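Novice: Here it is, the structure, as C-alpha coordinates.
The values are calculated or read from the model by the stated rules, or taken from the named source; none is laboratory data. What you see is a predicted model, and the numbers here were worked out from it, not measured in a lab. So basically every Cβ, Gly included, is an ideal-geometry build from the backbone, and we count neighbours across all protein chains shown. The protein model used for the area step is the full one, side chains on, heavy atoms only, and it has no ligands, DNA or RNA in it. Shrake-Rupley method; radii C 1.70, N 1.55, O 1.52, S 1.80 Å.
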Amino acid sequence: MIDDPYKNLFRPSALDEITRRQRMLDDLLKPSAAQRILERIEQARTATKMFEHLDRHSKLMSFLQTPAYMKALEAATSVRTLSDIGARLESTQLAVHRVADIGRLAELAAARVRPFESLLRVDNWTSALTQRMAAIDVDWAVADAEEESAEAFARLSRLSDLTREAPVYADETTEILVDELGEPTLAPAEVETSEVREARYDAAGRERELIAFPPAHYKEILVSAGHLVSFPPPPLVAVEGGLIEPVAFSPETGFLLQSLEANLRELVVAQLKALEGDAWLKRRVPEGVRKAWIAGQQAAREAGKPVFAPIHYANFMDLADVITAGNNWGTFQGFFANKDNLRVGLIRLYGIRNDIAHARPISLTDQLIAVIEGAILFRAMGLAVTFGR
(Lines give C-alpha, C1' and ligand atoms only; values in the text may rest on other atoms or scores of the structure.)
Protein backbone atom coordinates (compact mmCIF):
# COMPACT_ATOMS: atom_id res chain seq x y z
CA MET A 1 0.00 0.00 0.00
CA ILE A 2 1.35 3.44 -0.95
CA ASP A 3 1.84 5.70 2.03
CA ASP A 4 -0.07 8.97 1.77
CA PRO A 5 2.47 11.84 2.20
CA TYR A 6 -0.32 14.24 3.12
CA LYS A 7 -2.01 12.17 5.84
CA ASN A 8 -0.52 14.19 8.67
CA LEU A 9 -1.27 17.58 7.16
CA PHE A 10 -4.85 17.84 8.26
CA ARG A 11 -4.67 16.80 11.92
CA PRO A 12 -4.12 20.23 13.57
CA SER A 13 -7.13 22.28 14.53
CA ALA A 14 -8.55 24.68 11.98
CA LEU A 15 -7.07 27.64 13.83
CA ASP A 16 -3.61 26.04 13.97
CA GLU A 17 -3.88 25.20 10.28
CA ILE A 18 -4.69 28.79 9.34
CA THR A 19 -1.90 30.12 11.55
CA ARG A 20 0.64 27.73 10.09
CA ARG A 21 -0.30 28.57 6.51
CA GLN A 22 -0.13 32.26 7.28
CA ARG A 23 3.40 31.85 8.62
CA MET A 24 4.39 30.00 5.45
CA LEU A 25 2.96 32.75 3.26
CA ASP A 26 4.64 35.42 5.40
CA ASP A 27 7.95 33.65 4.91
CA LEU A 28 7.36 33.27 1.18
CA LEU A 29 6.40 36.92 0.80
CA LYS A 30 9.23 38.25 2.95
CA PRO A 31 9.75 42.05 3.03
CA SER A 32 12.68 42.04 0.64
CA ALA A 33 10.52 40.60 -2.13
CA ALA A 34 7.71 43.03 -1.36
CA GLN A 35 10.18 45.91 -1.34
CA ARG A 36 11.43 44.93 -4.78
CA ILE A 37 7.89 45.00 -6.11
CA LEU A 38 7.25 48.43 -4.58
CA GLU A 39 10.48 49.77 -6.04
CA ARG A 40 9.49 48.57 -9.50
CA ILE A 41 6.08 50.21 -9.12
CA GLU A 42 7.69 53.50 -8.10
CA GLN A 43 9.85 53.39 -11.19
CA ALA A 44 6.86 53.09 -13.52
CA ARG A 45 6.82 55.97 -15.98
CA THR A 46 3.08 56.51 -16.21
CA ALA A 47 -0.02 55.90 -14.12
CA THR A 48 -1.10 53.24 -16.60
CA LYS A 49 2.19 51.42 -16.17
CA MET A 50 1.77 51.56 -12.40
CA PHE A 51 -1.70 50.05 -12.52
CA GLU A 52 -0.39 47.24 -14.75
CA HIS A 53 2.23 46.39 -12.12
CA LEU A 54 -0.39 46.44 -9.37
CA ASP A 55 -2.73 44.21 -11.36
CA ARG A 56 0.01 41.67 -12.10
CA HIS A 57 1.09 41.65 -8.46
CA SER A 58 -2.51 41.12 -7.32
CA LYS A 59 -2.98 38.17 -9.69
CA LEU A 60 0.24 36.56 -8.54
CA MET A 61 -0.75 36.93 -4.88
CA SER A 62 -4.10 35.29 -5.65
CA PHE A 63 -2.35 32.41 -7.41
CA LEU A 64 -0.02 31.86 -4.45
CA GLN A 65 -3.06 31.23 -2.24
CA THR A 66 -4.80 28.67 -4.44
CA PRO A 67 -5.36 25.13 -3.05
CA ALA A 68 -2.92 23.60 -5.57
CA TYR A 69 -0.16 25.98 -4.60
CA MET A 70 -0.76 25.55 -0.87
CA LYS A 71 -0.78 21.76 -1.19
CA ALA A 72 2.58 21.92 -2.94
CA LEU A 73 3.94 24.01 -0.09
CA GLU A 74 2.70 21.41 2.38
CA ALA A 75 4.53 18.69 0.47
CA ALA A 76 7.82 20.61 0.49
CA THR A 77 8.06 23.49 2.95
CA SER A 78 11.50 24.37 1.63
CA VAL A 79 10.13 25.21 -1.82
CA ARG A 80 10.64 28.84 -2.83
CA THR A 81 10.05 28.97 -6.59
CA LEU A 82 7.13 28.07 -8.80
CA SER A 83 9.40 25.89 -10.92
CA ASP A 84 10.02 23.64 -7.89
CA ILE A 85 6.29 23.45 -7.26
CA GLY A 86 5.74 22.41 -10.87
CA ALA A 87 8.16 19.54 -10.36
CA ARG A 88 6.34 18.42 -7.19
CA LEU A 89 2.98 18.51 -8.97
CA GLU A 90 4.18 16.87 -12.17
CA SER A 91 2.47 13.50 -11.71
CA THR A 92 -0.62 14.28 -9.64
CA GLN A 93 -1.48 17.96 -9.70
CA LEU A 94 -1.31 18.91 -13.36
CA ALA A 95 -4.32 19.09 -15.61
CA VAL A 96 -4.74 17.79 -19.14
CA HIS A 97 -7.27 20.03 -20.83
CA ARG A 98 -9.89 18.74 -23.18
CA VAL A 99 -10.14 20.55 -26.50
CA ALA A 100 -13.37 22.18 -25.33
CA ASP A 101 -11.53 23.80 -22.41
CA ILE A 102 -8.80 25.36 -24.51
CA GLY A 103 -10.97 28.00 -26.18
CA ARG A 104 -12.32 29.19 -22.85
CA LEU A 105 -8.87 29.35 -21.30
CA ALA A 106 -7.42 31.13 -24.32
CA GLU A 107 -10.19 33.73 -24.22
CA LEU A 108 -9.60 34.39 -20.52
CA ALA A 109 -5.84 34.59 -21.01
CA ALA A 110 -6.19 36.93 -23.98
CA ALA A 111 -8.36 39.29 -21.91
CA ARG A 112 -5.87 39.34 -19.02
CA VAL A 113 -2.62 39.43 -21.01
CA ARG A 114 -2.75 41.82 -23.90
CA PRO A 115 -0.13 41.56 -26.67
CA PHE A 116 2.48 44.31 -26.84
CA GLU A 117 0.22 46.19 -29.20
CA SER A 118 2.49 49.19 -29.69
CA LEU A 119 5.13 46.92 -31.24
CA LEU A 120 3.25 43.90 -32.59
CA ARG A 121 0.47 43.27 -35.09
CA VAL A 122 -1.87 40.58 -33.75
CA ASP A 123 -5.03 40.06 -35.80
CA ASN A 124 -6.73 37.70 -33.37
CA TRP A 125 -4.90 37.18 -30.09
CA THR A 126 -7.49 34.74 -28.72
CA SER A 127 -7.27 32.57 -31.83
CA ALA A 128 -3.48 32.61 -31.72
CA LEU A 129 -3.46 31.46 -28.10
CA THR A 130 -6.04 28.77 -28.81
CA GLN A 131 -3.87 27.29 -31.57
CA ARG A 132 -0.73 27.38 -29.44
CA MET A 133 -2.40 25.82 -26.40
CA ALA A 134 -3.87 23.09 -28.58
CA ALA A 135 -0.34 22.22 -29.74
CA ILE A 136 0.80 21.32 -26.21
CA ASP A 137 0.80 17.53 -25.93
CA VAL A 138 2.00 17.23 -22.32
CA ASP A 139 0.50 17.95 -18.89
CA TRP A 140 1.19 21.59 -18.20
CA ALA A 141 -1.53 23.44 -16.28
CA VAL A 142 -1.60 23.50 -12.47
CA ALA A 143 -4.80 21.88 -11.22
CA ASP A 144 -7.15 24.33 -9.46
CA ALA A 145 -5.24 27.18 -11.08
CA GLU A 146 -5.90 26.54 -14.75
CA GLU A 147 -6.67 30.15 -15.60
CA GLU A 148 -3.41 31.33 -14.03
CA SER A 149 -1.50 28.70 -16.02
CA ALA A 150 -3.19 29.90 -19.21
CA GLU A 151 -2.25 33.47 -18.34
CA ALA A 152 1.38 32.41 -17.80
CA PHE A 153 1.36 30.67 -21.20
CA ALA A 154 0.01 33.84 -22.82
CA ARG A 155 2.92 35.79 -21.40
CA LEU A 156 5.38 33.30 -22.88
CA SER A 157 3.57 33.55 -26.22
CA ARG A 158 3.71 37.31 -26.49
CA LEU A 159 7.43 37.18 -25.67
CA SER A 160 7.93 34.90 -28.66
CA ASP A 161 6.04 37.39 -30.84
CA LEU A 162 8.20 40.20 -29.49
CA THR A 163 11.33 38.18 -30.30
CA ARG A 164 10.40 37.74 -33.95
CA GLU A 165 8.72 41.07 -34.77
CA ALA A 166 9.78 43.93 -32.49
CA PRO A 167 12.54 46.37 -33.54
CA VAL A 168 15.83 44.92 -32.30
CA TYR A 169 17.46 46.78 -29.38
CA ALA A 170 14.91 49.59 -29.54
CA ASP A 171 14.31 51.25 -26.17
CA GLU A 172 10.74 49.96 -25.88
CA THR A 173 11.78 46.40 -26.78
CA THR A 174 14.54 46.37 -24.17
CA GLU A 175 12.26 47.95 -21.56
CA ILE A 176 9.72 45.16 -22.05
CA LEU A 177 12.41 42.47 -21.78
CA VAL A 178 13.68 44.02 -18.54
CA ASP A 179 10.12 44.11 -17.19
CA GLU A 180 9.62 40.42 -18.02
CA LEU A 181 13.10 38.90 -17.58
CA GLY A 182 14.47 41.25 -14.91
CA GLU A 183 17.71 43.18 -14.84
CA PRO A 184 20.66 41.33 -16.43
CA THR A 185 22.94 39.70 -13.86
CA LEU A 186 26.16 37.71 -14.09
CA ALA A 187 26.63 34.34 -12.42
CA PRO A 188 28.97 34.26 -9.41
CA ALA A 189 32.29 32.47 -9.60
CA GLU A 190 31.04 29.49 -7.62
CA VAL A 191 28.85 26.81 -9.19
CA GLU A 192 25.12 27.44 -8.78
CA THR A 193 22.36 24.85 -8.65
CA SER A 194 19.33 25.47 -10.85
CA GLU A 195 17.32 26.40 -7.75
CA VAL A 196 19.87 29.00 -6.65
CA ARG A 197 20.05 30.34 -10.20
CA GLU A 198 16.28 30.78 -10.31
CA ALA A 199 16.36 32.55 -6.94
CA ARG A 200 18.91 34.99 -8.37
CA TYR A 201 16.61 35.66 -11.32
CA ASP A 202 13.76 36.22 -8.83
CA ALA A 203 15.84 38.85 -7.07
CA ALA A 204 16.64 40.50 -10.42
CA GLY A 205 12.92 40.90 -11.15
CA ARG A 206 12.19 38.06 -13.56
CA GLU A 207 8.43 37.42 -13.56
CA ARG A 208 7.81 34.04 -11.92
CA GLU A 209 4.83 33.23 -14.10
CA LEU A 210 7.21 32.68 -17.03
CA ILE A 211 8.55 29.50 -15.42
CA ALA A 212 5.44 28.33 -13.54
CA PHE A 213 5.34 25.07 -15.48
CA PRO A 214 6.62 21.51 -14.89
CA PRO A 215 10.39 21.65 -15.57
CA ALA A 216 10.44 18.31 -17.39
CA HIS A 217 8.08 19.70 -20.05
CA TYR A 218 9.35 23.28 -20.24
CA LYS A 219 10.97 22.83 -23.65
CA GLU A 220 7.72 21.51 -25.14
CA ILE A 221 5.83 24.45 -23.64
CA LEU A 222 8.34 26.93 -25.07
CA VAL A 223 7.96 25.37 -28.52
CA SER A 224 4.15 25.53 -28.35
CA ALA A 225 4.33 29.17 -27.23
CA GLY A 226 6.28 29.99 -30.40
CA HIS A 227 9.88 29.70 -29.25
CA LEU A 228 10.76 27.06 -31.85
CA VAL A 229 13.70 28.70 -33.56
CA SER A 230 16.25 27.44 -36.08
CA PHE A 231 19.43 29.46 -35.97
CA PRO A 232 22.16 29.81 -38.62
CA PRO A 233 25.24 27.60 -38.17
CA PRO A 234 28.56 29.02 -36.96
CA PRO A 235 31.05 29.96 -39.68
CA LEU A 236 34.13 27.85 -40.30
CA VAL A 237 37.19 28.94 -38.33
CA ALA A 238 40.65 29.17 -39.92
CA VAL A 239 43.93 28.64 -38.07
CA GLU A 240 47.11 30.54 -38.87
CA GLY A 241 48.21 29.70 -42.39
CA GLY A 242 44.68 29.65 -43.75
CA LEU A 243 43.81 26.02 -43.04
CA ILE A 244 40.35 25.14 -41.78
CA GLU A 245 40.39 23.55 -38.36
CA PRO A 246 37.54 21.02 -37.76
CA VAL A 247 36.14 22.72 -34.66
CA ALA A 248 33.41 20.77 -32.90
CA PHE A 249 30.30 22.68 -31.84
CA SER A 250 27.91 20.89 -29.48
CA PRO A 251 24.42 20.76 -31.01
CA GLU A 252 22.93 19.56 -27.73
CA THR A 253 23.94 22.31 -25.32
CA GLY A 254 26.10 25.03 -26.81
CA PHE A 255 25.18 25.21 -30.50
CA LEU A 256 23.10 28.37 -30.22
CA LEU A 257 25.59 30.37 -28.16
CA GLN A 258 28.63 29.07 -30.04
CA SER A 259 27.07 29.98 -33.36
CA LEU A 260 26.00 33.37 -32.03
CA GLU A 261 29.48 34.22 -30.74
CA ALA A 262 31.25 33.00 -33.88
CA ASN A 263 28.96 34.97 -36.19
CA LEU A 264 29.31 38.09 -34.05
CA ARG A 265 33.11 37.81 -34.19
CA GLU A 266 32.96 37.49 -37.98
CA LEU A 267 30.77 40.60 -38.24
CA VAL A 268 33.20 42.61 -36.09
CA VAL A 269 36.18 41.62 -38.25
CA ALA A 270 34.35 42.30 -41.53
CA GLN A 271 33.15 45.76 -40.48
CA LEU A 272 36.39 46.96 -38.93
CA LYS A 273 38.57 45.51 -41.68
CA ALA A 274 36.49 47.45 -44.21
CA LEU A 275 37.48 50.63 -42.35
CA GLU A 276 41.16 50.01 -41.61
CA GLY A 277 42.28 46.98 -43.62
CA ASP A 278 44.73 44.72 -41.80
CA ALA A 279 45.47 47.51 -39.32
CA TRP A 280 41.98 47.25 -37.76
CA LEU A 281 43.23 45.23 -34.78
CA LYS A 282 45.68 47.93 -33.72
CA ARG A 283 43.56 50.95 -34.57
CA ARG A 284 40.07 49.81 -33.59
CA VAL A 285 40.50 47.45 -30.61
CA PRO A 286 41.27 48.85 -27.12
CA GLU A 287 44.83 48.08 -26.09
CA GLY A 288 43.95 45.96 -23.06
CA VAL A 289 41.51 43.84 -25.05
CA ARG A 290 43.98 43.39 -27.92
CA LYS A 291 46.75 42.28 -25.54
CA ALA A 292 44.43 39.70 -23.96
CA TRP A 293 43.66 38.23 -27.38
CA ILE A 294 47.35 38.05 -28.32
CA ALA A 295 48.05 36.38 -24.95
CA GLY A 296 45.40 33.80 -25.79
CA GLN A 297 47.13 33.04 -29.06
CA GLN A 298 50.48 32.68 -27.31
CA ALA A 299 49.08 30.33 -24.68
CA ALA A 300 47.60 28.12 -27.40
CA ARG A 301 50.90 28.14 -29.30
CA GLU A 302 52.89 27.13 -26.22
CA ALA A 303 50.43 24.33 -25.48
CA GLY A 304 50.81 22.92 -28.99
CA LYS A 305 47.19 23.72 -29.88
CA PRO A 306 45.89 25.24 -33.14
CA VAL A 307 46.31 29.02 -33.15
CA PHE A 308 43.35 31.03 -34.41
CA ALA A 309 43.09 34.67 -35.40
CA PRO A 310 43.05 37.06 -32.39
CA ILE A 311 39.29 37.68 -32.64
CA HIS A 312 38.63 34.04 -31.66
CA TYR A 313 40.01 34.71 -28.19
CA ALA A 314 37.33 37.35 -27.57
CA ASN A 315 34.37 36.80 -25.27
CA PHE A 316 30.92 38.42 -25.46
CA MET A 317 31.91 41.37 -23.32
CA ASP A 318 35.10 41.98 -25.32
CA LEU A 319 32.93 42.17 -28.41
CA ALA A 320 30.55 44.53 -26.66
CA ASP A 321 33.45 46.85 -25.76
CA VAL A 322 34.78 46.85 -29.31
CA ILE A 323 31.39 47.38 -30.98
CA THR A 324 30.33 50.22 -28.66
CA ALA A 325 33.70 52.02 -28.61
CA GLY A 326 33.33 55.65 -29.65
CA ASN A 327 35.31 55.33 -32.87
CA ASN A 328 33.59 52.06 -33.86
CA TRP A 329 29.93 52.60 -33.00
CA GLY A 330 29.16 54.47 -36.20
CA THR A 331 29.84 51.41 -38.32
CA PHE A 332 27.74 49.11 -36.08
CA GLN A 333 24.82 51.39 -35.26
CA GLY A 334 23.01 50.34 -38.43
CA PHE A 335 22.95 46.76 -37.10
CA PHE A 336 22.25 47.23 -33.39
CA ALA A 337 20.47 50.61 -33.15
CA ASN A 338 21.24 51.26 -29.46
CA LYS A 339 24.57 50.44 -27.79
CA ASP A 340 23.17 50.30 -24.25
CA ASN A 341 20.39 47.91 -25.22
CA LEU A 342 22.86 45.70 -27.10
CA ARG A 343 25.02 45.51 -23.97
CA VAL A 344 22.02 44.44 -21.87
CA GLY A 345 21.40 41.52 -24.24
CA LEU A 346 25.05 40.46 -24.30
CA ILE A 347 25.32 40.56 -20.50
CA ARG A 348 22.36 38.17 -20.27
CA LEU A 349 23.98 35.75 -22.72
CA TYR A 350 27.50 36.01 -21.29
CA GLY A 351 26.75 34.26 -18.00
CA ILE A 352 24.80 31.47 -19.67
CA ARG A 353 27.53 30.96 -22.25
CA ASN A 354 30.17 30.60 -19.53
CA ASP A 355 28.10 28.09 -17.57
CA ILE A 356 27.51 25.90 -20.63
CA ALA A 357 31.20 26.10 -21.53
CA HIS A 358 32.09 24.84 -18.04
CA ALA A 359 29.38 22.14 -17.94
CA ARG A 360 27.43 23.93 -15.22
CA PRO A 361 23.67 23.47 -14.86
CA ILE A 362 21.40 25.97 -16.52
CA SER A 363 17.88 26.78 -15.44
CA LEU A 364 14.50 27.20 -17.12
CA THR A 365 14.98 30.96 -17.21
CA ASP A 366 18.39 30.46 -18.87
CA GLN A 367 16.69 28.47 -21.65
CA LEU A 368 14.13 31.23 -22.16
CA ILE A 369 16.73 34.02 -22.15
CA ALA A 370 19.04 32.22 -24.59
CA VAL A 371 16.35 31.66 -27.21
CA ILE A 372 14.95 35.22 -26.91
CA GLU A 373 18.20 37.18 -26.83
CA GLY A 374 19.80 34.83 -29.36
CA ALA A 375 17.02 35.36 -31.89
CA ILE A 376 17.14 39.13 -31.41
CA LEU A 377 20.91 39.26 -31.92
CA PHE A 378 20.79 37.07 -35.04
CA ARG A 379 18.06 39.30 -36.47
CA ALA A 380 20.15 42.38 -35.72
CA MET A 381 23.08 40.90 -37.66
CA GLY A 382 20.79 40.23 -40.63
CA LEU A 383 21.16 36.44 -40.40
CA ALA A 384 18.26 34.14 -41.18
CA VAL A 385 16.29 32.91 -38.20
CA THR A 386 13.45 30.46 -38.85
CA PHE A 387 10.55 30.62 -36.45
CA GLY A 388 8.00 27.86 -36.13
CA ARG A 389 5.11 26.85 -33.89
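Novice: Among LEU222, LEU186, LEU181, LEU210, which is the only one that is open to solvent by 30 Å² or more (accessible area, probe 1.4 Å), closer than 15 Å to SER363 by Cα and hydrophobic (A, V, I, L, M, F, W, C)? Spell out how you get there, then give the answer.
Specialist: Values: LEU222 fails: open to solvent by 30 Å² or more (accessible area, probe 1.4 Å); LEU181 fails: open to solvent by 30 Å² or more (accessible area, probe 1.4 Å); LEU210 fails: open to solvent by 30 Å² or more (accessible area, probe 1.4 Å).
From the options LEU222, LEU186, LEU181, LEU210, the qualifying one is LEU186.
Novice: Right, another one. Are any residues in the range 351-377 among the acidic types (Asp, Glu) and either under 8 Å from the mean Cα position of the chain (by Cα) or outside any helix (DSSP H, G or I) (or both), and if so, which ones?
Specialist: As a first pass, look at the range 351-377 and keep what is among the acidic types (Asp, Glu): 355, 366, 373.
Of everything in the range 351-377, those that are among the acidic types (Asp, Glu) and either under 8 Å from the mean Cα position of the chain (by Cα) or outside any helix (DSSP H, G or I) (or both) turn out to be ASP366, GLU373.
Novice: Just the residues that are loosely packed, with under 15 Cβ neighbours inside 10 Å, of a type in the set (A, V, I, L, M, F, W, C) and over 33 Å from the mean Cα position of the chain (by Cα), please, taken from the range 259-293. Please lay out each step first, then the result.
Specialist: Keep residues of the range 259-293 that are loosely packed, with under 15 Cβ neighbours inside 10 Å, which gives 270, 273-279, 282-283, 286-288, 291.
Those still in the list that are of a type in the set (A, V, I, L, M, F, W, C) too: 270, 274-275, 279.
Passing the criteria: ALA274, LEU275, ALA279.
Novice: Next question, about the same structure. Would the range 149-156 turn up any residue that is closer than 29 Å to LEU346 by Cα, open to solvent by less than 10 Å² (accessible area, probe 1.4 Å), in contact with a helix residue (DSSP H, G or I) (Cβ under 8 Å, 6 or more places away or on another chain) and of a type outside the set (A, V, I, L, M, F, W, C)?
Specialist: yes
Novice: Another question about this same structure. Among the candidates VAL229, VAL237, which residue alone is open to solvent by less than 20 Å² (accessible area, probe 1.4 Å) and at pLDDT below 65?
Specialist: Numbers: VAL229 fails: open to solvent by less than 20 Å² (accessible area, probe 1.4 Å).
On inspection, the qualifying residue turns out to be VAL237.
Novice: Say we look at the range 123-160 and pick out the residues that are in contact with a Lys or Arg (Cβ under 8 Å, 6 or more places away or on another chain) and of a type outside the set (D, E, K, R); which of these is modelled with the lowest pLDDT?
Specialist: ALA135
Novice: Looking for something β-branched (Val, Ile, Thr), part of a loop (DSSP other than H, G, I, E, B) and open to solvent by 20 Å² or more (accessible area, probe 1.4 Å) - is there at least one such residue anywhere in the range 157-172? First the steps, then the outcome.
Specialist: Looking only at the range 157-172, we keep the residues that are β-branched (Val, Ile, Thr), and these are 163, 168.
Then keep just the ones that are part of a loop (DSSP other than H, G, I, E, B); that gives 168.
Narrowing the set further to residues that are open to solvent by 20 Å² or more (accessible area, probe 1.4 Å) leaves 168.
There is at least one residue in the range 157-172 that is β-branched (Val, Ile, Thr), part of a loop (DSSP other than H, G, I, E, B) and open to solvent by 20 Å² or more (accessible area, probe 1.4 Å).
Novice: Kindly indicate the residue of the range 338-383 that is of a type in the set (S, T, N, Q) and under 25 Å from ALA212 (Cα atoms) and also most open to solvent (accessible area, probe 1.4 Å) among those meeting that condition.
Specialist: My answer is GLN367.
Novice: Out of PHE308, PHE335, PHE316, which single residue is under 21 Å from ARG206 (Cβ atoms) and either surrounded by fewer than 20 Cβ atoms within 10 Å (Cβ to Cβ) or in contact with a Lys or Arg (Cβ under 8 Å, 6 or more places away or on another chain) (or both)? Quick ask: steps written out before the conclusion?
Specialist: On the way: PHE308 fails: under 21 Å from ARG206 (Cβ atoms); PHE335 fails: under 21 Å from ARG206 (Cβ atoms).
PHE316 is the lone residue from the list that is under 21 Å from ARG206 (Cβ atoms) and either surrounded by fewer than 20 Cβ atoms within 10 Å (Cβ to Cβ) or in contact with a Lys or Arg (Cβ under 8 Å, 6 or more places away or on another chain) (or both).
Novice: State all residues of the range 133-151 that are in contact with a Phe, Trp or Tyr (Cβ under 8 Å, 6 or more places away or on another chain) and under 14 Å from PRO215 (Cβ atoms); if no residue qualifies, say none.
Specialist: The answer is TRP140, VAL142.
Novice: Further, regarding this structure: Residues THR386, THR324: which one is under 23 Å from PRO286 (Cα atoms) and surrounded by fewer than 20 Cβ atoms within 10 Å (Cβ to Cβ)?
Specialist: Details: THR386 fails: under 23 Å from PRO286 (Cα atoms).
Of THR386, THR324, the one residue that is under 23 Å from PRO286 (Cα atoms) and surrounded by fewer than 20 Cβ atoms within 10 Å (Cβ to Cβ) is THR324.
Novice: Given the structure, is VAL322 touching a Pro at 6+ places or on another chain (Cβ under 8 Å) and closer than 22 Å to THR163 by Cα?
Specialist: Working: touching a Pro at 6+ places or on another chain (Cβ under 8 Å): yes; closer than 22 Å to THR163 by Cα: no.
Answer is no for this residue.
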